[in-house]
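What follows is one structure encoded as structure tokens, with my remarks underneath.
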There are 2 protein chains.
Amino acid sequence: MSARRRKFWGWGYEGDILSKEELSWLEETWAAFFGVDQFEVTPPPTVEEIDLPPPRLSIPSQLAAICTTEPYERLRHTYGASFPDSARAFARDFSHPPDVVAYPRNVQEITALLDWCYAQGIVTIPFGGGTSVVGGVEPPPVAERVLTIDLTRMQRVLEIDEASQVALIEAGAAGPVLEEQLRPGGWTLRFFPQSFEFSTLGGWIATRAGGHFATLATHIDDLVESVELVTPRGVIVSPRFPASGAGPDPLRLWLGSEGILGLITRAWVRIVRRPRFRASASVRFEEFEKASEAVRAIAQAGLYPANCRLLDPWESLGSGLGNGRQAFLVLTFESADHALDPWLQRALELCADYGGATESQASESGPGESHRQGAAGRWRQRFLRMPWYREAMTARSIITDTFETAVTWERFPRLYEQVRLTTAQAIREVTGKAGWVSCRLTHVYPDGAAAYFTFCALGKKEALVQQFWEIKRAALNAVTEHGGTITHHHAVGRDHRPWYDRERPMLFAEALRATKQALDPRWLLNPGVLLDPPAGSGVI
Amino acid sequence: MSARRRKFWGWGYEGDILSKEELSWLEETWAAFFGVDQFEVTPPPTVEEIDLPPPRLSIPSQLAAICTTEPYERLRHTYGASFPDSARAFARDFSHPPDVVAYPRNVQEITALLDWCYAQGIVTIPFGGGTSVVGGVEPPPVAERVLTIDLTRMQRVLEIDEASQVALIEAGAAGPVLEEQLRPGGWTLRFFPQSFEFSTLGGWIATRAGGHFATLATHIDDLVESVELVTPRGVIVSPRFPASGAGPDPLRLWLGSEGILGLITRAWVRIVRRPRFRASASVRFEEFEKASEAVRAIAQAGLYPANCRLLDPWESLGSGLGNGRQAFLVLTFESADHALDPWLQRALELCADYGGATESQASESGPGESHRQGAAGRWRQRFLRMPWYREAMTARSIITDTFETAVTWERFPRLYEQVRLTTAQAIREVTGKAGWVSCRLTHVYPDGAAAYFTFCALGKKEALVQQFWEIKRAALNAVTEHGGTITHHHAVGRDHRPWYDRERPMLFAEALRATKQALDPRWLLNPGVLLDPPAGSGVI
């Protein structure tokens, strides 16, 4: 539906794949790591070779202009962007696509779509950029008829309140789309999740996405002033206040609602002037434990770095840094208002207290390029390309995934150690070979940190999804057993349900269920995400 | 029930009243202001002269140790600390006291109390420090039988996690009680609402109270890591994470629940090291409008002052500052970690951009006393004594009250002007005399500010409550008409309901109602606060 088509089986646009150089780096690195001579490579699927079940819905004529049953569209809306999604795509397994995909352009059309779903009992899945890594957008296999509503035709910046530094933006706008509209006025949202290029404002709000700020505005939650939500019962617009103490905050009920209470259609979000000052440094530590104590000291000092990313020894190695025992901290302060040298100096003093050696340091004003250069730049480049590497790895039966948590400082050292151990052990048991496990701290708080783990394992082509889950289950069990939340910013979806159900207070689940019943009485919206429909509801 | 008894008719402890000097300052100032020779003074009530309706409940023997029907206790739990509460106390009007007051010491006793209330259909009112200014703790007149549960016997600091800087504190602890227990370890919560001496941690959480921090941790919300809540359906303990992205945040449902979903019994809250560095200044502006633009610039610059209190010309005059046109800004940065001169310097540059003249400036390390001296010190002293002045004013038929809101910067100038005008006009119409209206900005955000208004009017002894409401209704209508929330941190209670009901999205009310039904199916907890019980529930 646009000039460039997104791949239905992987990241980005059709034709946009790894370069020859990237691919040979990938093959050489992982062949050496796993000790294999050559990888068997599965080619990506084509639309034609997929055996797609016929749609079980016929589109009413008044909705024909915004609905489609095109095979490509149904395939592209079958999965998100997790490893099992990638593995199933390469296995040509698209057995549960949505029956129809809709592209509404406004609230009226969404209301018409919901009316249709309600009249017919059609399961409804809100879809933003399709970058969920937790099964947040896939049709439940047992659902009888499924409509996926893709919001990406609603992507305008509608209004900017310059005095209050807030913009009203349609929820289907992806990162570059909204930044492009904000730029002419000198504004930016500066919310940069890894999925930035494709994920949407509405998706961020629905999943409480995490951006690149390591402190303060760590989640989209902190940038949202007001939300418009279309529920089967009608439209909710939360009032625009900079803050309010009037009862439980309505916004906080929609933030993280993952499409089960309604479709987020627009939001007022806090924007900022583009930063003009940057002060940044890269710090080397001989021990990860000391490094994490330094990061804790920074988090508790009230300095609020924009970036405070601590790479463990393996994460460092993977970025071409260190000797396999050292840890590296990337520290950045940024401001549109003032130079930040005193802030950075104090943070570096704290690092030195814990044995941190400053490797490089820069302070600049103006547009600034330092974050694109040196170690930080290399890391950034790898980080941004990661989703493209994923599909090349799946094609070679390399299971690769990330999972993330947040945990108090007191519990962090043990969680880190145990999760690493457990994951490495599970990889060995499941695949018979050692795998890769690395960790970085992405966001830091006075009372704890968000830890982001990556693992890679050489799987068996026929059993990738099963092997993945055996490893991941062990890893996630370790995370929650050691006091971590099941997700700091990847959301719950369908995949994290067992752990979410355990960490969520039982009576809060009842409160959420009661809310769901009030707003979506037929339980048609994204069933299975966050909650299961009541027995006998006939939904799934 | 303690060595010193709290007044049942006013602020603080029995015998703790204004000094002779304070009283003559008060009388002279207001006699001159209102142009009266002498005030008629109503003496405060005594327990003996109140015609108290007999209790309509008999205490079951197994609860006898923690329940009382003592007249003093019933009187002290009849009202909060608003002007109508004060006026009704001076009018000897205690027609709707609770029938019984309970002082549980643990969750088991609270559960036993709730079981009794549920078996008998007794309306249950959670009570902390009794400092509500919005009718949050008074028995509804139509309730047939009322039990008030006072949490102040649960006031221990139970545990401190030093690495994560978090403490587990029982909800009945008032400010000084918890600070005293934190102090030996060098810790502090640094949450200083005006009611600090008496209001409790549980009350703060239930009402989303505002502390003294002007930026970042403006509300108790920002300091809470986890809450224990006892509902009629059982106990809810939210998990301890520094942050989580797993579904809508359960904490945010209890924050601001104002006693309608359960009783908050304990919480893990973020504590800090006592600040060692302070940098502060007082800045004079010739125009309030320019001053508020300077404050906006500071709020949008990412400097995060601890204090950023802007006094309008009348508020300044009331603090002995300025010529009646000038505005004064009190600016403080504080840290336990580092000196803050660069932060303060940049904020003062921004002030200068808007014509602000620095009147005084101090930077210090160590315990620090500057906030207790000079203009800031005078203001602080007046601020802390304000609740005591209130009762002396009520005794003289001076209606005095405060109300507060938060509004986006774009809307602020007009809201400020219109609320001032409307309130002044209402005072004149209702009382036939000019009154006092002043405003200060207490908390600032990138997208707006919290504005705190004070008004005084000379009322008629027999009609104080009615006159108060005529003025206040006009003022609050103006606040919400011009885009302000009905409360930034005073909460909703029963008094703010009409405006809250209008600003709350209708479908959010339904979600809240569904949650209430799930957790308090007989609607016995604090009925009338936030929500009305369903018709035919028989509660009120």
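We did not get these values from a lab; they are worked out from the coordinates using the rules stated. Keep in mind it's a predicted model, so treat the numbers as computed, not measured. Positions of Cβ are generated from backbone atoms using ideal geometry, with glycine treated the same way; all protein chains shown enter the neighbour counts.
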Given 20 °C, 1.002 mPa s and a Kirkwood radius over Cα pairs, the Stokes-Einstein diffusion coefficient of region A:157-273 in µm²/s is 151
Please arrange A:397, A:226, B:319 by counting, for each residue, the other beta carbons lying within 10 Å of its beta carbon, fewest first. A:226, B:319, A:397
Relative exposure of A:386, B:154, A:393, judged by other C-beta atoms within 10 Å (fewest first): A:386, A:393, B:154
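Taking only C-alpha pairs under 8 Å that are 6+ residues apart, what is the relative contact order of region B:397-498 in percent? Write out the running numbers ahead of the final one.
Details: 170 pairs, mean separation 41.9, N = 102.
About 41 percent, as a whole number.
Counting only other chains, what is the mean number of Cβ atoms within 10 angstrom of the Cβ of each residue in peptide A:232-238?
Values: counts 0, 4, 4, 3, 6, 2, 4.
Counting other chains' Cβ atoms within 10 Å and averaging over A:232-238 gives 3.
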With the protein assembly as shown reduced to its Cα atoms and the Debye formula applied, log10 I(q)/I(0) at q = 0.07 1/Å amounts to -0.65
Can you pull the three principal axis extents for the Cα set of region B:485-530, in Å, largest first? 29, 21, 16
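What 222 nm value per residue comes from the helices of the protein assembly as shown, counting each DSSP H run with n ≥ 4 as -39,500 (n - 2.57) and dividing by all residues, nearest 500 deg cm²/dmol?
Values: 30 runs with 349 residues, N = 1080.
Taken over the protein assembly as shown, the calculation gives -10000 deg cm²/dmol.
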At q = 0.20 Å⁻¹, what log₁₀ I(q)/I(0) does region B:244-322 have when each alpha carbon counts as one equal point scatterer in the Debye sum? -0.95
Find every distance from the label point of residue A:22 to the corresponding label point in the other copies (7 Å from Cα along Cα→Cβ) and write them in nm, one decimal, shortest first. 7.0
Full-stretch length increase - residue A:502, residue A:24 - with 0.36 nm per residue and alpha-carbon distance subtracted: 167.8 nm
Inter-label distance, nm, simple model (7 Å from Cα along the C-beta direction), residue B:105/residue A:222: 4.3
Would you report the distance distribution of C-alpha pairs in region B:63-215 as whole percents per 5 angstrom bin, up to the bin with the largest distance? 2, 9, 17, 19, 19, 14, 10, 6, 3, 1, 0
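Which entries of B:461/B:516; B:290/B:433; B:20/B:461 show an alpha-carbon separation above 28 angstrom in the structure shown? Could the numbers behind the result be given before it?
Working: B:461/B:516 40 Å; B:290/B:433 31 Å; B:20/B:461 23 Å.
Cα-Cα > 28 Å for B:461/B:516; B:290/B:433; rest within.
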Separation of the residue A:477 and residue B:51 label points, Cα + 7 Å toward Cβ, nm: 7.2
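If you take the square roots of the eigenvalues of the alpha-carbon gyration tensor of region A:31-80 and sort them as a ≥ b ≥ c, do you get rounded (a/c under 1.5), prolate (a/b over b/c) or oblate?
It comes out prolate by the Cα gyration axes.
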Ascending count of other beta-carbon atoms within 10 Å, so fewest first, for B:111, B:405: B:111, B:405
Relative contact order of chain A: what whole-number percent is it, with Cα pairs under 8 angstrom and at least 6 residues apart? 16
Descending semi-axes in whole angstrom, ellipsoid equivalent of region B:114-184, from the Cα gyration tensor: 32, 14, 9
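Taking beta carbons within 10 Å but only from partner chains, what does the mean come to for residues A:440-450? Mind showing how you got there, number by number?
On the way: counts 0, 0, 0, 2, 2, 7, 10, 15, 10, 3, 5.
Going residue by residue through A:440-450 and averaging, the value is 5.
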Distances from residue A:287 to the same residue in each other copy, label points 7 Å out along Cα→Cβ, in nm, shortest first? 6.1
Checked region A:396-498 with the C-alpha gyration tensor, a ≥ b ≥ c its square-rooted eigenvalues, rounded below a/c of 1.5, otherwise prolate if a/b is larger than b/c and oblate if not; verdict prolate
Along Cα-to-Cβ, 7 Å out, sits the label point; list in nm, shortest first, how far the one on residue A:54 is from those in the other copies. 8.2
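Could you pull out the longest piece of chain B with no exposed loop GluC sites (Glu not before Pro) in it, calling a site exposed if DSSP puts it outside H, G, I, E, B and it has at most 11 other Cβ atoms within 10 Å?
Numbers: sites that count: B:40, B:369.
For GluC sites (Glu not before Pro) (loop position, at most 11 other Cβ atoms within 10 Å), the longest site-free span of chain B is B:41-368.
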I need to check one value: relative contact order of region A:20-150, counting alpha carbon pairs closer than 8 Å and at least 6 residues apart, in percent. 28
For chain A: span of alpha carbons on each principal axis (Å, largest first): 67, 61, 48
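Are there trypsin sites (Lys or Arg not before Pro) in region A:411-451 that DSSP marks as loop and that have at most 15 other Cβ atoms within 10 Å, and which are they?
On the way: sites: A:411, A:414, A:420, A:428, A:433, A:440; in loops: A:411, A:433.
Loop-located and lightly packed - A:433.
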